[in-house]
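Undergrad: If you scroll down you'll find the structure; I have some questions about it.
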Amino acid sequence: MYGFLLAETMSDYRVAILPGDGTGREVAVEAQKILQTIEQHTNAGFEQTVIPCGGQYYKETGKEWEEGSFDFCKNEADAIFLGAIGAPGVRLPNGDLAGGSVILGLRSGLDLYANVRPIKLYEGVRHKIHGEFTQVWKPGMVDMTILRENTEGLYHALLRRSADRALGREEYEPPPMEFPGLEGEVAYDARPISRKGSSRLIRMGFEIAETRNGAPADGVRRVTCIDKSNVTRGCQLFRRVFDEVSADYPDTEADYGYIDAFTQWLTRNPEHYDVVVTSNMFGDIATDLGAVLQGGMGMAASGNIGDHHAFFEPVHGSSPKHAGQNKVNPIASINSIQMMMEYLGRKHSDGDLLEVAQCIDQSVASHLKDGKELTYDIGGFASCSQVGTSIATRLADILDEKF
Ligand code: IPM
Ligand code: MN
């Protein structure tokens, strides 16, 4: 629609779309709708490559994805969108999650050390509690970003094995350990936490804090270190590194909490939090709890980000019981595309994409405030595709005004 002249100035980004399993396939279509809308209403261009993958794909073909897919993500794609991985009952011969090469293989193989999960409550969103929709938390009082370490901790061996499979290397097997006093069969996962892994994650947390407006309660720019350093050695290292890194950011408040107490404060006093940094498994659990504050998993977006690559995915997973019904909330995916635009905008110094990211936020906010077409999870009856279209239409209008 812009003709030849503009086509010459168009910046083309290559985006790999990995729909994966279950509802991931449905929300990926809505993510693509948003990319198309951006393309049609700005000068940005996206070359989309859809890569089939996941547990279902493994069940049908014996492969988690086609050979060359990991290399494509690594060497060809500027950014990646992943729908969801997980097909019920489908496991690899070694018992690992089928499709793990995709989600965990990319996290480890591309060194995506930060799992970034913004938790923001939009106006008009209610929470389902006791089976009813109510407004517990106040919009404007929930706006934080949790960074979960994404390459080590309790996931280390599984991440490593998954990357080995994705890269065609021999799969890592941790050396056996002895546990004095335990008898009979013992299963265990080591939880290595490294200085380097902690340091780069924590630093990214402080950097992200500089792009935000501080905590909702008091506007103070704050990074909270969540650990269990009263108990575990890994967490003691994590906290020590936190103190060292925080010394480089004297204008940002360094704040601390233990993971068990944090789950309480997160729900009672979410306005205190601005940026939170934590280890892998703690972050996995705490961010699902945090999603409740924003209206549930259907609203939870994420980015898996490293120094050279990134993939963006809704947090809700493949939710098999809702798959194939066009009913799940695509907003987690749409906001994941927003994160992708922000990432590409910063990485390539592309101011237009940074503005596009804000426009996506505005279109989601306007859709939710209007409240006429909501999916079941936030108290409505609209379909996945209806919501995607409503937001894409609003986005088109906002983009037309700006570009
Ligand atoms: C997530 C998911 C994954 C994880 C699963 C699917 C391996 O729960 O992205 O949070 O545990 O990290
Ligand atoms: Mn999880």
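The values are calculated or read from the model by the stated rules, or taken from the named source; none is laboratory data. Computed from a predicted model, the values in this text were never measured in an experiment. Quick reminder, even Gly has a Cβ in these numbers, built from the backbone with ideal geometry, and neighbours come from all protein chains shown. Areas reflect the complete protein model, heavy atoms only, side chains present, ligands, DNA and RNA absent. Shrake-Rupley method; radii C 1.70, N 1.55, O 1.52, S 1.80 Å.
Undergrad: Return the pair list, or none, for Cβ contacts closer than 7 Å from residues in segment 178-193 that are touching a residue at least 24 places away in the same chain (Cβ under 8 Å) to residues that are in a loop (DSSP other than H, G, I, E, B) and surrounded by 10 or more Cβ atoms within 10 Å (Cβ to Cβ), at least 6 apart or on different chains.
TA: So the pair list comes out as A190/P174; P192/E152; I193/E152; I193/S279.
Undergrad: Then there's this: May I ask you to list the residues in segment 33-52 that are open to solvent by 40 Å² or more (accessible area, probe 1.4 Å) and not acidic (D, E)?
TA: K33, Q36, Q40, N43, Q48, T49, V50, P52
Undergrad: Starting from segment 240-253, take each residue that is assigned to a helix (DSSP H, G or I) and list its partners that are small (G, A, S), counting only C-beta distances under 8 angstrom and pairs at least six apart or across chains.
TA: Matching pairs, first to second residue: V241/S198; V241/S199; F242/S198; F242/A254; D243/A254; E244/S199; V245/S199; S246/A254.
Undergrad: Across segment 305-336, which residue is farthest from ligand 1 (Cβ to nearest atom) among those that are small (G, A, S) and at positive phi?
TA: G324
Undergrad: Here is a further query. What number of residues within segment 1-42 satisfy the criterion of being modelled with pLDDT of 95 or more, outside any helix (DSSP H, G or I) and either of a type outside the set (F, W, Y) or more than 23 Å from the chain's Cα centre (by Cα) (or both)?
TA: 10
Undergrad: Another question, if that's okay. Could you tell me how many of the residues in segment 336-351 are free of Cβ contacts under 8 Å to residues at least 40 places away in the same chain and open to solvent by less than 20 Å² (accessible area, probe 1.4 Å)?
TA: 1
Undergrad: List the pairs whose first member sits in segment 58-85 and is touching a residue at least 12 places away in the same chain (Cβ under 8 Å), whose second member is of a type in the set (S, T, N, Q), and whose Cβ atoms are under 6 Å apart, counting only residues at least 6 apart or on separate chains?
TA: Correct list of pairs: E64/S101; A84/S318.
Undergrad: For segment 269-285, give me each residue that is more than 10 Å from ligand 2 (Cβ to nearest atom), among the hydrophobic types (A, V, I, L, M, F, W, C) and over 27 Å from I391 (Cβ atoms).
TA: V276, V277, F282
Undergrad: Which residues, taken from segment 60-101, are in a strand (DSSP E or B) and either closer than 30 Å to A44 by Cα or within 16 Å of ligand 2 (Cβ to nearest atom) (or both)?
TA: W65, A79, I80, F81, L82, G83, A84, L97
Undergrad: Which one of these is within 16 Å of ligand 2 (Cβ to nearest atom) and either within 22 Å of G55 (Cβ to Cβ) or surrounded by fewer than 23 Cβ atoms within 10 Å (Cβ to Cβ) (or both): L266, L289?
TA: Every option except L289 fails the conditions.
The rows are residues; the columns are (1) within 11 Å of ligand 1 (Cβ to nearest atom); (2) modelled with pLDDT under 95; (3) in a helix (DSSP H, G or I); (4) not hydrophobic (A, V, I, L, M, F, W, C).
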residue	(1), (2), (3), (4)
I103	yes, no, yes, no
D111	no, no, no, yes
V116	no, no, no, no
I119	no, no, no, no
E123	no, no, no, yes
V136	no, yes, no, no
M144	no, no, no, no
L147	no, no, no, no
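Undergrad: Is it the case that R107 is surrounded by 22 or more Cβ atoms within 10 Å (Cβ to Cβ) and out of contact with any Gly (no Cβ under 7 Å at 6 or more places or on another chain)?
TA: Yes, satisfied.
Undergrad: Please work out if T151 is of a type in the set (S, T, Y) and touching an Asp or Glu at 6+ places or on another chain (Cβ under 8 Å).
TA: When the stated conditions are applied, T151 passes them.
Undergrad: Filtering segment 254-295 down to residues that are more than 12 Å from ligand 1 (Cβ to nearest atom) and either modelled with pLDDT under 95 or among the small types (G, A, S) (or both), which residue is farthest from E149 (Cα to Cα)?
TA: Filtering first and then ranking leaves G295.
Undergrad: For segment 320-330, check the following and say yes or no: at least one residue is open to solvent by less than 10 Å² (accessible area, probe 1.4 Å) and closer than 24 Å to H156 by Cβ.
TA: no
Undergrad: Go through G234, G295, G303 for me and flag whichever is part of a loop (DSSP other than H, G, I, E, B) and either buried (at least 17 other Cβ atoms within 10 Å of the Cβ) or hydroxyl-bearing (S, T, Y) (or both).
TA: Going through G234, G295, G303 in turn, the sole match is G295.
Undergrad: Now for a different question. Part of a helix (DSSP H, G or I) and buried (at least 16 other Cβ atoms within 10 Å of the Cβ), is that true of G380?
TA: The answer is no for G380.
Undergrad: Give R203, R161 a once-over and let me know the one that is part of a helix (DSSP H, G or I), modelled with pLDDT of 95 or more and within 16 Å of ligand 1 (Cβ to nearest atom).
TA: Testing whether each residue is part of a helix (DSSP H, G or I), modelled with pLDDT of 95 or more and within 16 Å of ligand 1 (Cβ to nearest atom) leaves just R161.
Undergrad: Here is a list: E171, E178, E185. Which entry is touching a helix residue (DSSP H, G or I) at 6+ places or on another chain (Cβ under 6 Å), among the acidic types (D, E) and in a loop (DSSP other than H, G, I, E, B)?
TA: It is E171.
Undergrad: For S336, state whether it is within 15 Å of I85 (Cα to Cα), out of contact with any Cys (no Cβ under 6 Å at 6 or more places or on another chain) and among the hydroxyl-bearing types (S, T, Y).
TA: no
Undergrad: When residues of segment 125-148 are filtered for being open to solvent by less than 70 Å² (accessible area, probe 1.4 Å), more than 21 Å from the chain's Cα centre (by Cα) and among the polar types (S, T, N, Q), how many remain?
TA: 1
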